[in-house]
Structure formats: C-alpha cells, structure tokens
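First comes the structure, then the notes that go with it.
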Amino acid sequence: MAKAKELFKEFKIQSVSEFFRRNAAMLGYTGKIRSLTTVVHEAVTNSLDACEEAGILPYVRVEIEELGKEHYKIIVEDNGPGIPEKFITHVFGKMLAGTKAHRNIQSRGQQGIGISGAVMFAQITSGKATRVITSTGGDEIIEAWVKIDVEKNEGKIVKKIKHPNPTGWRGTRIELEVKNVKYVRSKQGVFWYLKLTAIANPHAHIELIEPDGKLIVFPRSSEEVPKPPVEMKPHPRGVMTDDVYRMAKRTRKNTVKRFLISEFSRISDRKIDELIKYIAAIRLINSEEDKRIKDELFERLAKGEVDLILRSYGRRAKKVIREVQKLMDKPPEKLTWHEAEEIVEAFKYIKFLAPPTHGLRPIGEENIVKGLTGILKPEFVTAVTRPPKVYRGGIPFQVEIGLAYGGELESSFNLLRYANRVPLLFDAGACVTTTAARSIDWKRYKVEDLDRAPLTLLINVISVHVPYTSTGKQSIANEDEIYEEIRLAIMEAARRLQTYLSGKHRKLYQVKRKKTLQKYVPEIARALSILTGEPEEKVKEYFISLIERKFETVEETLEQPAEVEADAEA
Amino acid sequence: MLKREMPKERFAYDPQKVLRKLEELGREILEEVRQGKNPYLDIPTRGLNNVYFDEVKRVIRMGNKLSRRYFLNVAHARKFMQTLLIAAYVKRLVSEGKHASLREAYYANKHTIPGTKENTFEDQSESDPVIEDLERMLGVLREEMHLTADRRGYVYGDITIRDGEDEFNTSKLGMGGWAVPGTVEHIQFVDINVDYALVVETAAMADRLIEEKFPKKERALIIATQGQASRGVRRLIHRLHYEEGLPIIVFTDGDPYGWYIYSTIKQGSINLAYLSEKLATPEAKFVGMTMDDIKKYGLENVTEKLKGIPPNKKGGPTGDYKRIIEEMNYPWFQTKEWQRQLKLALQWGVRIEQQALANKSLEFVAKKYLPEKIANEELLP
C-alpha cells in the first residue's frame, strides 16, 4: 500500500510536460488524425459546456487551415459567455485544474485535462502559443497569447492586447497551431466528429470550414438549451480506494464518520454502525491463516452473517470494533490508504439503496429525434431513453437510442456511439454498443440485411463513471447491465421501425394495387361500352371514381393498424 | 327395327339470345359500378369437384359452385378485364354474323395495354379459358357465340342439310361425305331419310361401311368421329337425336379408349360438364366391339394385348388396365352388361379393334355383324 501512496504523490508532483507525454494516449493525443480530432473536441466541448452553463444557444464555428505538411491552424469560435481576463490563464493553462476533474458529475470531458491539453499539444508540436480572443460582452475584447509554464504547471500569458468592443461582441475564439496532425474526412476525423456532436446537441449550430475552404453547416434543430448536469454525491458501491482517499484529503468535515455521511449518497448514521461491524469482521477474517476458513467466512459475510461471525470471535471482536469506532472518529485527512481500502472493501458487502439518478442528463428522446432529423434527413426516426439503471451494484447509468431509417441515408449501417454525449470515434469493435447492436436479430424487425440497410443507430451511454475498456476512453466495457439496457432500448426502437416498415410496405402495396386496377380501366370501359352502348368516357369515369373511393377508405383505415389487418383479411 | 322417334327438342338457334345475354351481363356490371359497388362476375367453378352425375337425366353435370371474380381484387382484375373483352368481341361477331376460331379470337383481342408493357392476352392459353368461362356464365355454347374449334368428323347418309345458303344431301357428296364444321348450331335438317345414326370411331371403318353401301341398305346415317368426338360432332349427334328423333348407335373399338368415346357421347365429359345438356345423348346405345364378340365371332386370333401392367401384378395397374378400372367405377357404367365387358377385358387382357372384323371378310361387318346385332338389338346400354 505504501507503494501506491507514493505513486499517487509522485503523480501529483511530476512535471506537467512529462505527465502529458506519458499520458498522451490517455489524453487522446495518439496518431495524426486522432490528435487533430482531440484538439477540436476539447475546444468544442469547452464551448458547448460554457454555453450550456450560461444558458446560451451555442453557435460554434470550427476552421481548419492547412499551413504546411501536417501543419494546421485550428480556429474555434463560439458565442459563449466569454472568459473574464483573470480566468484566462486558469482556463487555458492549468493542467488538471478543470472544474470537473474531481467532481462526481456527468461531464463531456472526463479527461480532467481539457483545453489545456490542447494548448499543451500545440506548444509541444509547433512551439507556438495559443491565441485567445474573448469578451464577456462588456467594453473590451481581450486578445491574449497563452502558453503553459511546464515548470510551474501554470498558464502564462505571453502577450496581451485589449481592444474596444463597440458592437458588444461576446464569445471566445481560440487559435491553435499544431504540427504532426492530418486532416482526413474519415470516420475518425473532425468532420465526422462534428457531425456526431451536432446530432447529439441539436440545440447547437455548428459550422466547419475544411482546409480546402469548403463550408459545412450542421444547423440547429432545437431551440432549447439543455440543463447543465448537477453534481451527484458518489454512491459507496461506485467508488475506488483512491476516490475515498482523495476525497478524505479535501473534505471540510471533522471526522471520518461525518465525511462519509455527508459526501456519499445513501450513507446514514445507521449505515456507519453497520460499516463498523463489517470492517471489524473483515479485519478478523483477514487475521485467519487458513485460506479455506478465510474463504468460508467471507462467503458467510457476503450472506449477511456479520453478527454471527463477530459473536464467534467473542471478546476479540469487541476489541476490534472499538478500534474501528476510533477510526471513524479521527479527522478524515488522517485516513490512510489502507483504511480507505478497508472502507471500500466493506462497502462491497453492505446493502445500500440504489444511487440517485437525478444527476444524469440524457439528450432526451425529443432532442435525439431532432438531431437525427436535422442532420441526417431520414424518412423515419425514433428515439428511446431508458430509465436509469445501476451497474456494478452502485454506478448509475442510463442508455439512450436513436434510430434513423431511409430518406437521405446511404444503404449501409452506421453506428453512432456516444458516452455522455461525446462521440466515440475509435475502437468501435471492442465497444459494448457494437456488440449489443450486432446481437439484435434485425430480420425480426423487417431489416433483412443490416449492413445494407439505410439505417443509423445512435447509442448514448450516460453515467458519472462510464466504464471504458482502456485509457483511450473510446470504447465502453461490456458490463452486463449496460449491454442488456442497450439491447432493450434497441429492440424497442426496432419494433417501432418494424411497425413503420409494415405500414410503408402496405402503402406501397396499395399504390401498386391502385395502379394495377387503373391500367385495366380503358380496356374495360371500351368493352362495356360495346356491350351496353353506354359512352366509353362515362364508363371510364364510373370505374375511376370507384377505384378512388376504394383507396380513400383504405388510407383511412391505415391510421389504425388493427383495422388494416382486418381489412387485409377481407 | 330401329325407327325414328318423336323429336324432343326443336331447332333453337337464336343469335339474338346470345346478344341479349351479353348485353344483360354488361348492364349488370355497369349498374353495380354506377352504384359504387365492386362489380363481379359469377363463374361456375371448373374441375372435378364441381361435377356430378345426374342419375335421372343420366348425364355428367356441372355443380352449382361459383367463383366470384371481383374487379377491385388485384388477383381478379385481369381476368375480369379479359372476360369483358371477349364478351364485347363475341357481341361484334354474332351481330355481324361472322365466325372466328379460338386462335383468331385470341389474336383479335391481343394488344398492349396503353401505358404499360402488359398485353391483354399473353397467350392463347389465357383466352381459351376465358371463353369457356363465358360459356358457363351465360349458359350458351361457344358455337352459339360464333367461336369455332378445330373441325373433325364427317357424315354420310341420306339426309338433306341446309347450311347457310347451301342445301345438300350428305349421300350425294361422294365417298368422303360431308365434313362436320366447327359449329353446327345454324345447320338445319331439311329432310331425313334414315332410321338411325351409326357413330363410328375410325374413318377407315366408316369408309368400309360406305363402300359396302351399308347406309343405303340399312337406312343408316354414318357419322365418323375420327377418334374422340369433336364438339361439333357431339352437338350434331345430340341434335339429330333430340330434334330429329334418330336413334343413336355407337360403334367403337373394343378397348378402354373406344368405350370412353362412347361414354363422352352418351354422358358428356368432365371438362364440358356444363354443356352436357347440349352435347350429351344419354339415349345412345353401344353396338360394339365387345368382349363377347370375340367369343361369338371367333376373333380370338385377332385380339391385341392390353398395354400396361395388370392390377394383380407388381406395379399395376397401369396403362389400359388402369383405364379400364377407372371406367368400371364410372356411375354410368354401373350396369350388369358393362361391368361384365370390362371384367372380361381385365381377365383376358385383350382388346379388339373394329377392323379386326376384316379377318372374317371385308363385307362381314356390313353384311353380317352390324345388321344382325342391330336387328336383334344386341346393344349395350
């Protein structure tokens, strides 16, 4: 344990540039295409988050200029609240200082490094400072060149100019110069990233100017700014040792007991008593030497026989309980790594209420429909937002599905993956969304050949803690509960698609029927005219109006699927 | 002796009747459509399951199963259109007094439907059934609708016929007699100088009888069917019997095929069950060949073996044997006499041709066999 503790300390003191280089993969700066996408992602995310918090309908414009071979200038401009002068270094300079880094909040970033990482990347590859132009809408516009002081882990304004702001412009424009990156219009590139972002954020107007000067607009399709996510206290089942340890260091509570009750959800005074008993039991069991007995006792503990186990240790148990009670009364900052570990271990045996889910912010069915409709222009679209669920016993999550079909979609299956609204562009194969989508028997829903169907599926997994398969945070791990939820959501959406497709087939069939009947009318009219002496044109009219009436009534019954079936039988 | 009987039917050819029926059909459909109803045609179902044997009238008749063909049903619409097309064509034919063959009717009505790549009729196999449907729907003969089939068969004997503007005696047209046209509806019998009609299966036998002056000597009318009797011939037989009171005697080979020819003339056929009342002649009698003839006239040496596998052998019955067993089960062969003949045929495994009688002598059939059997009324029912 001592080792882990040291490591953690080391982690805090290592130089920022060192940290950046070591964790480039984790931070999203691997590969030429991906690095560029990550820079854009950080800037756009910043813009969207800022607008969201300020209740502004975002207007984001991304411009990529090619300066040379693998050398680009990235410009991201928004109409957000702007950055007050004194916060500029804070926002763009400080690594690991992001406001959300250690909050239990469903955030777009989650990387904890954000735009400062992009500034750092620009600095490392091109040596250039990042140009920031911002105004909060007041009298002046600030133009600043920001660099990161790698020694101090701080932002540094290299140059600053103040301009008057006669038009009252508000927003932020940042310009980063980066090398060793490449603009490609692939499914991993900026274009695709922005497209997916636009779909998941229908309230945003997003524009892209590609290196060749081409302007692409993803227009806004919703006029509603989503509410920013609220912070949620972590659930005991959803934390790891280092979370508890770190939180204990920062808390303002006086005792471990108070700290646990106030900073975690679902922990009450009574739960603390329970926790004490469990920790004591774990300590006692761990003191057993025989592995067989140990395993057996842990098994019994898992069944909730904590009191019986303690009783079997008699007076020794009472002593240990007293020790644990002391631990609960000590100041939280004195909590050791080992003790934090014990608490987390005990959490696993205790039953807690399911975590609250109010902190989760889905895109919402309505907005998914708007996003898919606005950007993809399909002929059919539906969305399913499942109620929140919990995985690993304590981590709340929620699954959302959007399904678009036909219209302007190409005849190929597209899976748009998101975690907390952020598009996932890499490692699709390893992602639970992919395996879940592929596990569906699409034929049952009238989709004969999924890979050749004009079908786009959007999957958004929302959680305060999305279980990624790797540090790259580009694919979601195969947690049973998440997998099942995704499947259920897809099946619900697919059932609606099936209903639509059946109706569509029927409509097409009706049109065909009508045509079939109509083409015989002239022949029949001539024959009947010969047989009866009635003028041919008149006979034709009778038949045409007969057909019209027939299909009018059929179209009416189409509104009510149950009756359509009955009609088909007749 | 066979003598002409009192006529039971009268010459009934009336082109106006067909026209009236066609117009009625058109009016009914038009009225339905005008009232916003889905127009339909009621067509008696074809096939074995809508056929039965009328024990009283002793003919194969059509049941009353109808299939209703709606215009607004996509599966029916094409047939609906085709039926009306043919109906209109028939109206033109009849009112203009023209006749057309089935194939002509097909070509006359085949054209591309405007605005499509579809033809009104793709094949004659589409138009022929539509014509049959019309016959059954309206209860009129194809011949009455001036649609003719292939002609086959001829007549020789002392009767005078009026066919349009021509009038002639069928015994004065040479040895070939008078070829029966596809349609005999309009034929009128001016004078009948015979006592009965002898229907003969093979042309060779008919020619033999004509050469032997059999018609003259026996006051008989020879009708050669040349195999299975055509509709024209069957209608002619029917009319001669019912309108002119001529007894009908059938003379075929002594084999299942010959007996079936007799059965068709007498009871009608399954395919044309709806026409039995106009085509069949249940009073017809059968003179030969029978199995008993073999014994009686010592023809054992000139029999032929039946084809196929007998019922008691492995794989049987097939071929002629199978056919005989089927005939044994026909309701109209459920008589002692016929069951005996059919059983003997099975038992002996032989057939006997009409022309086998030539074994005795060329004149034998005309001088002895037929006159004797007919005079003694050794006829099968």
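The numbers here are math on the coordinates, done by the rules we state, and not lab data. Not measured: the values here are computed from a predicted model. Cβ placement follows ideal geometry from the backbone for every residue including glycine, while neighbour counts extend to all protein chains displayed.
Considering every Cα-Cα pair within the range B:15-148, what fraction, in whole percent, is farther apart than 27 Å? Don't jump to the answer; show the numbers that get you there.
On the way: 2027 of 8911 pairs.
Above the 27 Å cut-off, the range B:15-148 has 23 percent of its Cα pairs.
Taking the radius of gyration and the Kirkwood hydrodynamic radius from Cα positions alone, what is the Rg/Rh ratio for the range A:427-561, to two decimal places? All intermediate terms of the calculation are to be shown ahead of the outcome.
Numbers: Rg = 25.9 Å, Rh = 19.3 Å.
Radius of gyration relative to Kirkwood radius: 1.34.
Going by how many other Cβ atoms sit within 10 Å of their own, how do A:TRP145, B:TRP332 line up, fewest first? Don't skip to the end; give the middle numbers.
Numbers: A:TRP145 16, B:TRP332 19.
Taking fewest neighbouring Cβ atoms as first place, the list is A:TRP145, B:TRP332.
Quick check: residue separation of A:LYS249 and A:LEU488 times 0.36 nm, minus the Cα distance between them. What number comes out in nm?
Details: separation 239, 0.36 × 239 = 86.04 nm, distance 4.13 nm.
Fully extending the segment from A:LYS249 to A:LEU488 adds 81.9 nm.
Considering only A:VAL230, B:VAL199, B:PRO44, whose Cα is most displaced toward the positive end of the charge dipole of the protein assembly as shown, charges sitting on Cβ of Lys, Arg (+1) and Asp, Glu (-1)?
Farthest towards the positive pole: A:VAL230.
Chain A: percent of C-alpha pairs farther apart than 36 Å?
Numbers: 80222 of 162165 pairs.
Result for the distance tail: 49 percent.
Take each of the peptides A:282-291, A:460-469, average the number of other beta-carbon atoms within 10 Å over its residues, and list them starting from the highest. Spell out each step's value before the answer.
Working: A:282-291: 13.5, A:460-469: 21.9.
The densest-packed peptide leads the list: A:460-469, A:282-291.
Could you point to the residue in A:TYR405, A:VAL390, A:VAL447 farthest towards the positive end of the range A:365-499's charge dipole, with +1 and -1 charges on the Cβ of Lys/Arg and Asp/Glu respectively?
Result: A:VAL390.
Report the GluC sites (Glu not before Pro) located in the range A:374-481 that are in a DSSP loop and have at most 14 other Cβ atoms inside 10 Å of their Cβ, or state none.
Values: sites: A:GLU379, A:GLU400, A:GLU408, A:GLU410, A:GLU448, A:GLU479, A:GLU481; in loops: A:GLU379, A:GLU408, A:GLU410, A:GLU448, A:GLU479.
When the GluC sites (Glu not before Pro) of the range A:374-481 are filtered for loop state and at most 14 Cβ neighbours within 10 Å, A:GLU379, A:GLU408, A:GLU410, A:GLU448 remain.
Provide, in order from the shortest bin, the percent of all Cα-Cα pairs of the range B:154-375 in each 5 Å bin, continuing until the bin that contains the maximum pair distance.
Result, from short to long distances: 1, 7, 15, 18, 19, 16, 12, 7, 4, 1, 0, 0, 0 percent.
State the answer as a single residue: which of A:VAL146, A:ILE476, A:LEU425 lies farthest towards the positive end of the charge dipole of the protein assembly as shown, with beta carbon charges of +1 for Lys and Arg and -1 for Asp and Glu, about the Cα centre.
Checking the options against the dipole of the protein assembly as shown, the answer is A:VAL146.
Could you list, bin by bin from short to long, the percent of Cα-Cα pairs of the range A:117-253 in 5 Å steps?
Using 5 Å bins, I get a P(r) of 2, 8, 10, 11, 13, 16, 17, 14, 7, 3, 1, 0 for the range A:117-253.
Taking H placed 1.01 Å from N in the peptide plane, check which residues at least 5 places from B:VAL350 or on another chain put their amide H under 5 Å from its amide H.
So B:VAL350 has HN proximity to B:LEU306.
Just to be sure I understand: if I project the alpha-carbon convex hull of the range A:236-349 onto a plane and average over all orientations, what area do I get in nm²?
Convex hull of Cα atoms, orientation-averaged projection: 6.7 nm².
Return B:THR148, A:THR37, B:THR112 ranked ascending by Cβ neighbour count within 10 Å, so the fewest neighbours appear first.
Numbers: B:THR148 20, A:THR37 26, B:THR112 10.
Ranking B:THR148, A:THR37, B:THR112 by Cβ neighbours within 10 Å, fewest first, gives B:THR112, B:THR148, A:THR37.
Return the calculated 222 nm mean residue ellipticity for chain B, to the nearest 500 deg cm²/dmol, obtained by summing -39500 (n - 2.57) across DSSP H runs with n ≥ 4 and dividing by the residue count.
Values: 13 runs with 146 residues, N = 381.
That comes out to -11500 deg cm²/dmol.
Shielding by partners for A:22-34, please: the mean number of other protein chain Cβ atoms within 10 Å of each residue's Cβ. Write down the numbers at each step before the final one.
Details: counts 0, 0, 0, 0, 0, 0, 0, 0, 0, 0, 0, 0, 0.
Mean partner shielding for this stretch: 0.
Say R0 is 45 Å: what FRET efficiency, to the nearest 0.05, do A:LYS69 and A:ARG452 get from their beta-carbon distance? Numbers along the way, then the final one.
Working: r = 38 Å, r/R0 = 0.85.
The computed FRET efficiency comes out at 0.70.
Using the alpha-carbon centroid of each, what span in Å lies between the range A:214-285 and the range B:177-220?
114
With a ≥ b ≥ c the root eigenvalues of the C-alpha gyration tensor of the range A:14-218, is it rounded (a/c under 1.5), prolate (a/b larger than b/c) or oblate? Spell out each step's value before the answer.
Numbers: a/c = 1.25, a/b = 1.03, b/c = 1.22.
Rounded shape, in that the Cα axes give a/c under 1.5.
In whole Hz, with x marking every Gly and Pro, tabulate ³J(HN,Hα) for the range A:255-261 from phi via Karplus 6.51 cos²θ - 1.76 cosθ + 1.60, θ = phi - 60°.
Listing the rounded values in order: 10, 4, 4, 4, 4, 5, 5 Hz.
State, to one decimal in nm, how far the label point of A:HIS505 lies from the label point of B:SER101, with both points 7 Å from Cα in the Cβ direction.
4.8
Taking θ as phi - 60°, what are the ³J(HN,Hα) couplings along the range A:439-456 by the Karplus curve (6.51, -1.76, 1.60), each to the nearest whole Hz, with x for Gly and Pro?
Whole-Hz 3J(HN,Hα) from phi for the range A:439-456: 6, 6, 7, 5, 4, 5, 10, 6, 9, 6, 10, 4, 5, 10, 8, x, 10, 10.
Quick one: if you take sqrt(5λ) for each eigenvalue of the C-alpha gyration tensor of the protein assembly as shown, what semi-axes come out, biggest first, whole angstrom?
Semi-axes (√(5λ), whole Å): 103, 37, 23.
For the range A:14-218, what does the relative contact order come out to in percent, with C-alpha contacts under 8 Å and a separation of six or more? All intermediate terms of the calculation are to be shown ahead of the outcome.
Numbers: 433 pairs, mean separation 54.8, N = 205.
This gives 27 percent for the range A:14-218.
If amide hydrogens are placed 1.01 Å from N in the peptide plane, which non-local residues have theirs closer than 5 Å to the one on A:TYR468?
So A:TYR468 has HN proximity to A:ALA477.
To the nearest 20 Debye, how big is the dipole of chain A about its Cα centre, given +1 on the beta carbon of each Lys and Arg and -1 on that of each Asp and Glu? Let's see the in-between values first.
Working: 94 positive and 80 negative charges, 462 e Å.
The calculation lands at about 2220 debye.
Work out the length of the dipole vector of the range A:365-499 about its Cα centre, built from +1 on the beta-carbon of each Lys and Arg and -1 on the beta-carbon of each Asp and Glu, and round it to the nearest 20 debye. Provide the component values of the computation, followed by the final result.
Numbers: 16 positive and 17 negative charges, 21 e Å.
So the magnitude is around 100 debye.
Using the per-residue mean of other Cβ atoms lying within 10 Å as a proxy for protection, in what order, highest first, do the peptides B:364-372, A:520-528 fall? Write down the numbers at each step before the final one.
Values: B:364-372: 17.7, A:520-528: 22.2.
In decreasing order of mean packing, B:364-372, A:520-528 become A:520-528, B:364-372.
Counting only other chains, and only Cβ atoms inside 10 Å, what mean value do you get across the residues of A:545-552? Intermediate values should be presented prior to the final figure.
Working: counts 3, 10, 2, 0, 2, 4, 1, 0.
The mean count of partner-chain Cβ atoms within 10 Å per residue comes to 3.
Taking the Cα centre of the protein assembly as shown as origin, sum charge times position over the Cβ atoms of Lys and Arg (+1) and Asp and Glu (-1), and report the length of that vector in debye to the nearest 20. Walk me through the numbers before you get to the answer.
Working: 153 positive and 136 negative charges, 897 e Å.
That gives a dipole near 4300 debye.
How large are Rg and Dmax for the range B:263-333 when calculated on the C-alpha trace, in angstrom?
Rg then Dmax for the range B:263-333, in Å: 15.5, 43.
Among A:LEU176, B:LEU134, B:LEU30, which comes first, second and so on when ranked by fewest other beta-carbon atoms within 10 Å? Write out the running numbers ahead of the final one.
Details: A:LEU176 27, B:LEU134 24, B:LEU30 21.
In increasing order of surrounding Cβ atoms, one gets B:LEU30, B:LEU134, A:LEU176.
If a helix is a whole DSSP H run, which ones in chain B reach 20 Å or further along their own axis (Cα) and hold a mean Kyte-Doolittle hydropathy of at least -1.0?
Working: long enough: B:15-34 (29 Å, -0.81); B:74-96 (34 Å, 0.46); B:124-138 (21 Å, -0.70).
Correct list, ordered by number: B:15-34, B:74-96, B:124-138.
Count neighbours as other Cβ atoms within 10 Å of each site's Cβ, and list the GluC sites (Glu not before Pro) in the range A:139-181 that are DSSP loop with at most 10 such neighbours.
Working: sites: A:GLU140, A:GLU143, A:GLU151, A:GLU154, A:GLU175, A:GLU177; in loops: A:GLU151.
Sparse-neighbourhood loop GluC sites (Glu not before Pro): A:GLU151.
Testing the spin-label approximation: label points 7 Å from Cα along Cα→Cβ at B:ASP150 and B:MET175. State their distance in nm.
Here the answer is 2.6 nm between the modelled labels.
Based solely on C-alpha atoms, express the radius of gyration and the Dmax of the range B:177-291 in angstrom.
Cα radius of gyration and Dmax of the range B:177-291 are 13.2, 40 Å respectively.
Over the alpha-carbon set of the range B:114-232, work out the extent along each principal axis and list the three values in angstrom, largest first.
Reported extents, whole Å, longest axis first: 66, 29, 23.
Work out the P(r) tail for the range B:296-375: percent of alpha carbon pairs separated by more than 20 Å, whole number.
Distances greater than 20 Å cover 45 percent of the Cα pairs.
Using just the helices of chain A, give the 222 nm mean residue ellipticity in deg cm²/dmol: DSSP H runs with n ≥ 4 each add -39,500 (n - 2.57), and the total is spread over all residues, rounded to 500.
On the way: 19 runs with 266 residues, N = 570.
-15000 deg cm²/dmol, from helical runs alone.
Counting only other chains, and only Cβ atoms inside 10 Å, what mean value do you get across the residues of A:525-537? The partial results should precede the final answer.
Details: counts 1, 3, 14, 10, 3, 12, 14, 12, 4, 4, 0, 0, 0.
Mean number of neighbouring Cβ atoms from other chains: 6.
Roughly what angle does helix A:241-250 make with the longest principal axis of chain A, taking Cα atoms, 0 to 90 degrees, to the nearest 10?
70
Could you pull the Rg and Dmax for chain B, using just the Cα atoms, both in Å?
Calculated on Cα positions, Rg and Dmax stand at 23.0, 74 Å.
How big is the Cα convex hull of the range A:472-527 in projection, averaged over all directions, in nm²?
Values: hull surface 24.4 nm².
With every direction weighted equally, the projected area is 6.1 nm².
Through the Karplus equation 6.51 cos²θ - 1.76 cosθ + 1.60, θ set to phi - 60°, convert the phi angles of the range B:61-71 into ³J(HN,Hα) values in whole Hz; use x for Gly and Pro.
Calculated HN-Hα couplings, in order: 10, 8, x, 9, 6, 10, 10, 9, 10, 8, 5 Hz.
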